[in-house]
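Data first, discussion second: the structure below is written as structure tokens.
Bear in mind these aren't lab numbers, they're just calculated from the coordinates by the rules spelled out. It should be emphasised that the depicted structure is a prediction, and the values quoted were computed from it without experimental measurement. Reconstructed Cβ throughout: ideal geometry from the backbone, glycine too, with neighbour counts over all protein chains shown.
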Amino acid sequence: MSRKVIIAGNWKMNKTAAEGKALVEALKPLVADVCPECAEIVVCPPFTTLAAVVEAARGSNIKVGAQNVHWAESGAFTGEISAAMLKEAGAEFVILGHSERRQYFGETDETVNKRLKAALAAGLKPIVCIGELLEEREGGRTEEVLARQLEGGLAGLTGEEMSRVVIAYEPVWAIGTGKTATPEMAELTHNFIRCTLNDLFGREIGEGVRIQYGGSMKPENAKELVAQRNIDGGLIGGAALKAESFSALIHNAIAK
Ligand code: PGA
């Protein structure tokens, strides 16, 4: 089964609208040669930067996503953003359950699941993040943690809905630390995720789901990581904040 590579930049709380626009303008010519059949390129700016980035990316091969969404359609949820609001702003993708949301903002598998269902209902393409903490890996609990995150986060989804979801495996100990899982270590974990998806949704769906790696992916290690059988791209933090490094990473990831 061939799965199209997807490289997404998670800008986190970086880039004002003006800075985001400038980044996309700089990125466009650098990635113009990446054919849509070879890879999907996504950038995920903060909410207030979305509209400017959508405008700057229009007509290019760069797609735009948000970093979170609330599950309700509207109402008294101060500080939150609905799926319809993201769609109106031009977002196509949305990151859900990032480990920083889980760690600092009380996100759970249950709330990820609610957000996921709202995103799918609105026609957004979700990128669902999972990953184990350092002590969980060292305690031999990685698979147990990932299985729980997958079962809880994806609960109640139909196969058709699952086929619209991207999974991002991000070992928490590798995020922003410069420590990357070795390609072999990451592949073992991606293979476990693939098997779990096959168990939950059947092989026909499971084999088609794209699983990104995230956590200190950079131009130097992207090729080896994405060359692994079950690694279908990356979710990139730090290296996505400069046009040159993000472009180099994308080109290396898809180099044969
Ligand atoms: P990093 O972040 O590439 O800076 O490690 C990845 C992420 O948190 O999505």
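What the table below lists for this structure:
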quantity: Förster radius 30 Å - calculated FRET efficiency between ASN61 and SER163, Cβ distance, rounded to 0.05; calculated: 0.85
quantity: Ranked list, fewest to most other Cβ atoms within 10 Å of each Cβ, for TYR169, TYR104, TYR213; calculated: TYR104, TYR169, TYR213
quantity: Segments 54-60, 236-242 sorted - mean Cβ within 10 Å per residue, highest first; calculated: 236-242, 54-60
quantity: Cα-based reach from LYS179 at 23 Å (exclusive), listing lysines while leaving out same-chain residues under 8 positions away; calculated: LYS12, LYS218, LYS223, LYS242
quantity: Fewest-first sequence of GLU144, GLU161 by Cβ atoms within 10 Å of each Cβ; calculated: GLU144, GLU161
quantity: Segment 5-254, relative contact order in percent, only Cα pairs under 8 angstrom and at least six apart counted; calculated: 20
quantity: Cut-off 17 Å (backbone N to label point 7 Å along Cα→Cβ of CYS195), residues of segment 114-147; calculated: 140-147
quantity: Part-to-part distance (alpha-carbon centres) for segment 118-134 and segment 196-243, which is given in Å; calculated: 14
quantity: For segment 5-254, Kirkwood radius (reciprocal of mean inverse C-alpha pair distance, Å); calculated: 17.9
quantity: Ranked list, fewest to most other Cβ atoms within 10 Å of each Cβ, for TRP11, TRP71; calculated: TRP71, TRP11
quantity: Spatial separation of Cα centroids for segment 18-44 and segment 141-178, in angstrom; calculated: 26
quantity: Sum of side-chain charges, LYS4 neighbourhood, beta-carbon under 10 Å (Lys, Arg +1; Asp, Glu -1); calculated: -1
